[in-house]
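Undergrad: To start, I am sharing the structure in question, which I have written as structure tokens.
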């Protein structure tokens, strides 16, 4: 089990990034959440088996078609055993 906190910067708000991330996380069976940040970036916390986490981090580096990802910052964290995946404001 792994947990990552990922902050994505670029044109990532107003392009369906959170909802697309939610769909991808659900497809991969991940737990966690995704949210817009006040600075215009998107933050995601993802947790589950390492291979699914790695695939989600890779997806976050591209995002949906309308997005433009400039940078991706990844922090390793201790898993907390969260369940489900949510979209926060």
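Undergrad: Counting other beta carbons within 10 Å of each Cβ, put 37, 18, 3 in order, fewest first.
TA: 37, 3, 18
Undergrad: Another question, then. Which one, 25, 44, 52, has the greatest fluctuation when you compute a Gaussian network model over the chain with C-alpha springs under 10 angstrom?
TA: Result: 52 has the largest fluctuation of those listed.
Undergrad: A further question on this structure: To the nearest 10 degrees, how steeply does helix 50-60 sit against the main Cα axis of the chain, on a 0 to 90 scale?
TA: Approximately 10 degrees, to the nearest ten.
Undergrad: Now a separate question. Given only helices, namely DSSP H runs of n ≥ 4 each adding -39500 (n - 2.57), what is the per-residue ellipticity at 222 nm of the chain, to the nearest 500 deg cm²/dmol?
TA: -8000 deg cm²/dmol
Undergrad: While we're here: Here are some values of mean projected area of the Cα convex hull in nm²: (i) 4.9; (ii) 5.6; (iii) 6.1. Which one was computed from this structure?
TA: Matching the structure shown: (i).
Undergrad: For Cα pairs less than 8 Å apart in space and 6+ apart in sequence, what is the mean separation divided by the residue count of the chain, i.e. the relative contact order in percent?
TA: Worked out over the chain, it gives 47 percent.
Undergrad: Then there is this: If I fit a long axis through the Cα atoms of helix 17-28 and take the longest principal axis of the Cα atoms of the chain, what angle between them do I get, 0 to 90°, rounded to 10?
TA: Roughly 30 degrees, rounded to the nearest 10.
The numbers here are math on the coordinates, done by the rules we state, and not lab data. A quick note: this is a predicted structure, and the numbers were derived from the prediction, not measured. Ideal geometry is used to build each Cβ from the backbone, glycine not excepted, and the neighbour counts take in all protein chains shown.
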